[in-house]
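Structure, as structure tokens:
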Amino acid sequence: MIARAWRYGQHVLVFAGLMVTWHLLTTSMNDPMFPTPERVWQSFTRTWNDGSLMEAFRDSNGALLAGLALGVPGGIVLGMLAGYFRIIDRILAPYVNMMLVVPMVALVPILIIVFGLGTSSRVAVIVLFVLPDVLVNTRGGVRLADRQLLMMARSYGGSTLSVFRTLLLPTAFPSVMTGLRIGIGRGITGMIVVELTLVASGMGGFIMEALGRFRAGHMIVMILLIGLEAVVLTSLCVLAERRVLKRMGA
Amino acid sequence: MKADGGATVEVRLDGPPPEGVTTPAGAPPSARRIGGGSAGVVEILSLGTGTLAWELSARLWDLAWLPPLSSVVAAADDIVRDGALGALSSTAYIFLLGMVTAMACAVVTTGLFTLVPAVHRLARPYFYMAMAVPPLAVVPFFMLIWGPSLSARVATVWLFTYFVMAVMATEALEHSPRDLRDMALSYGGSRLSVLRTVAIPAATPRLLEALRIAVVRGIKGAVNAELIIGVVGVGRLLRSYSAGYRIEELYATVLLVLAASLITYILIERFEYRVTRWERHG
């Protein structure tokens, strides 16, 4: 009990030490580019009260939700097919590998030209960022299926659809959730990429506006909010995964 | 194999690799590697069909946003002659600077975390949080501090690569065989010598995997930084062609970036494959 309290206490001490260091450094520098923790808190309360913080948050997350709603099911379906049918995997492989390795940001200007400067281009970018990770993880999960069970299911007359539903999807579930976790992180990156580079709106637009007005405090508030959102969403994924696995008896 | 009903049962899932054949270090069993072997006929046909479909659809429907592939290749040739390689080399320069700096910092951090586990335990939440934040969100802050300078771009590549290298390298060393480390310690080896002679060689495959992932992230960081900061290199080309609606040149620049990224990735993968040969052949 005491050892546990001491371990938590150490983390609290480290956090407090970091805050004090931040305060002392920024106070001694007295540079508006490096705001003190108090200035950052003031920026937070100001942007919270005038509604600009939440407006940017809502704007970005609308596009993020739409992108996830298209990219995640798309990635799962393609990943299941690629994991089960070797030929589909081989057809998709060159494109998927390219999408994983190359900087997708280079494609953003092309997508803007195709879809325009509205929400659809932001959604398209997010889909492009989310889909490959979900696909690859789902494919890997499907391949973990027990071959003996699979043969048995087919030999007992199980249709392809029922094999997918009763054997492959449960087997692949942890991998799908891993893909979802990575995909959410990538989706947030895609959302920020497009807003920082070409469509100045939402959270990225908020940061660029703060840059234009030399408001370092506002910028730090938004960076922290983006980080917090990423941590919360991925933690929710982990929680959901644990609950479902527990219910499945895994 | 015939099932009860007479239907052919075909198991299409990839089975485990044949005995004696292991997948490359750290890769999941299903991972297909780009540079690890020659591409199959289906993959080549798939790529060929894709390029043919691109060329034909661009010519048939005359879409404003989709130039024919042949025009894009011609444009790529033109912009290479006009000095696009200079832009690519500028991107490569900041990539290298950022990678070298991040590697040096990651080596120091990993050494510290491995030799003093308490520091690792206390710093771990901050490292995982730093990895959760999209590095791009921080780029404007670098611009605020340094302006659209070399420092801002190098710092972006550093941010893309440092945390992933430090976290993966520390985990690789922590997972090196404990019995070997204990034995070396019991024979009087110091923590530093055990790290140097036992832990690092045993963790080499995972360390190289960390390097490969960091290289991919570093390339992405370099292109991202240039696109956001947008005054030099590939980012400047992409921005200027996009703003001028020069579609063929825009596609050509994207193709050049794709080609450069793929070549770098294949080279680092070949290097990893060669260095970890001992692990596959014993």
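Derivation of every value follows stated rules applied to the coordinates shown; laboratory data play no part. Everything numeric here is computed off the predicted structure, so don't read it as measured data. Cβ: placed from backbone, ideal geometry, glycine included. Neighbour counts: every protein chain shown.
With the condition kept exactly as written, say whether any residue in the stretch A:122-129 is of a type in the set (A, V, I, L, M) and not in a helix (DSSP H, G or I). Working first, answer last.
Pass one, the stretch A:122-129, residues of a type in the set (A, V, I, L, M): A:123-128.
In the following step, the residues that additionally are not in a helix (DSSP H, G or I) were identified as none.
No, every residue in the stretch A:122-129 fails to be of a type in the set (A, V, I, L, M) and not in a helix (DSSP H, G or I).
Out of everything in the stretch B:124-136 that is within 7 Å of chain A (Cβ to nearest Cβ) and within 20 Å of the chain's Cα centre (by Cα), what residue ends up being surrounded by the fewest Cβ atoms within 10 Å (Cβ to Cβ)?
B:A132
Restricting attention to the stretch B:233-246, which residues are more than 7 Å from chain A (Cβ to nearest Cβ) and aliphatic (A, V, I, L, M)? Lay out the reasoning, then the answer.
So in the stretch B:233-246, the residues more than 7 Å from chain A (Cβ to nearest Cβ) come out as B:233-237, B:239-241, B:243-246.
Within the stretch B:233-246, B:V234, B:L237, B:A243 qualify.
With (1) more than 30 Å from B:L144 (Cβ to Cβ); (2) not in a helix (DSSP H, G or I) as the list, and B:V231 as the residue in question, which single condition is left unmet?
That leaves (1) as the condition not met.
All but one of (1) buried (at least 16 other Cβ atoms within 10 Å of the Cβ); (2) under 29 Å from A:T234 (Cα atoms); (3) away from every other protein chain (no Cβ under 14 Å) hold for B:S90; state the number of the condition that does not hold.
(2)
If you go through the stretch A:190-217 one residue at a time, how many are outside any helix (DSSP H, G or I) and more than 8 Å from chain B (Cβ to nearest Cβ)? I'd like the intermediate steps shown before the answer.
First, pick out the residues of the stretch A:190-217 that are outside any helix (DSSP H, G or I): A:198-201, A:213-215.
Okay, now just the ones that are also more than 8 Å from chain B (Cβ to nearest Cβ), so A:199-201, A:213, A:215.
Total satisfying the criteria: 5.
Just wondering, is there one or more residues in the stretch A:190-202 that are within 19 Å of the chain's Cα centre (by Cα), within 16 Å of A:A69 (Cα to Cα) and touching a residue at least 12 places away in the same chain (Cβ under 8 Å)?
yes
Give the residue that is nearest to the chain's Cα centre (by Cα), with candidates limited to residues of the stretch A:40-81 that are in a helix (DSSP H, G or I) and among the acidic types (D, E).
Step one: of the stretch A:40-81, the residues in a helix (DSSP H, G or I) are A:40-49, A:52-81.
Filter once more, so that each one left must be among the acidic types (D, E): A:55, A:59.
Numbers: A:E55: 20, A:D59: 16 Å.
Per the stated criteria, the residue is A:D59.
If you check A:D50, A:D31, A:D89, which single one turns out to be more than 28 Å from B:L63 (Cβ to Cβ), in contact (Cβ under 8 Å) with a residue 40 or more places away in the chain and charged (D, E, K, R)? Can you show your working first?
Details: A:D50 fails: in contact (Cβ under 8 Å) with a residue 40 or more places away in the chain; A:D31 fails: in contact (Cβ under 8 Å) with a residue 40 or more places away in the chain.
After applying the criteria, what remains is A:D89.
Which pairs have Cβ atoms under 6 Å, sit 6 or more apart or on different chains, and link a residue in the stretch A:130-151 that is more than 11 Å from chain B (Cβ to nearest Cβ) to one that is basic (K, R)?
Close Cβ pairs satisfying both conditions: A:V130/A:R186; A:D133/A:R186.
Restricting the search to the stretch A:81-96, which residues are of a type outside the set (V, I, T) and either surrounded by 20 or more Cβ atoms within 10 Å (Cβ to Cβ) or at the interface with chain B (Cβ under 8 Å from one of its Cβ atoms) (or both)? Before you say what the answer is, go through the steps one by one.
Narrowing the stretch A:81-96 to residues of a type outside the set (V, I, T): A:81-86, A:89-90, A:92-95.
Answer for the stretch A:81-96, where residues must be of a type outside the set (V, I, T) and either surrounded by 20 or more Cβ atoms within 10 Å (Cβ to Cβ) or at the interface with chain B (Cβ under 8 Å from one of its Cβ atoms) (or both): A:A82, A:G83, A:Y84, A:F85, A:R86, A:D89, A:R90, A:L92, A:A93, A:P94, A:Y95.
Since A:V221 meets every condition but one in (1) without any contact (Cβ under 8 Å) to a residue 40 or more places away in the chain; (2) buried (at least 20 other Cβ atoms within 10 Å of the Cβ), which condition does it not meet?
For A:V221, the failing item is (1).
For the stretch A:218-249: of the residues being more than 11 Å from chain B (Cβ to nearest Cβ) and touching a helix residue (DSSP H, G or I) at 6+ places or on another chain (Cβ under 8 Å), which is farthest from A:G179 (Cα to Cα)? Walk me through how you get there before you give the answer.
Step one: of the stretch A:218-249, the residues more than 11 Å from chain B (Cβ to nearest Cβ) are A:221, A:236-249.
Next, from what is left, pick out any that are touching a helix residue (DSSP H, G or I) at 6+ places or on another chain (Cβ under 8 Å): A:221, A:237-238, A:240-241, A:244-245, A:248.
On the way: A:V221: 28, A:C237: 10, A:V238: 11, A:A240: 13, A:E241: 12, A:V244: 16, A:L245: 16, A:M248: 19 Å.
This residue is A:V221.
What is the residue count in the stretch A:152-169 for residues that are surrounded by fewer than 16 Cβ atoms within 10 Å (Cβ to Cβ) and assigned to a helix (DSSP H, G or I)?
Going through the stretch A:152-169, the residues surrounded by fewer than 16 Cβ atoms within 10 Å (Cβ to Cβ) turn out to be A:152, A:155-157, A:159-162, A:165-166.
Then keep just the ones that are assigned to a helix (DSSP H, G or I); that gives A:152, A:155, A:160-162, A:165-166.
Here the count works out to 7.
With the structure loaded, tell me whether B:L112 is away from chain A (no Cβ under 14 Å), within 20 Å of A:G17 (Cβ to Cβ) and over 24 Å from the mean Cα position of the chain (by Cα) or whether it fails that test.
Details: away from chain A (no Cβ under 14 Å): yes; within 20 Å of A:G17 (Cβ to Cβ): yes; over 24 Å from the mean Cα position of the chain (by Cα): yes.
Yes: the conditions hold for B:L112.
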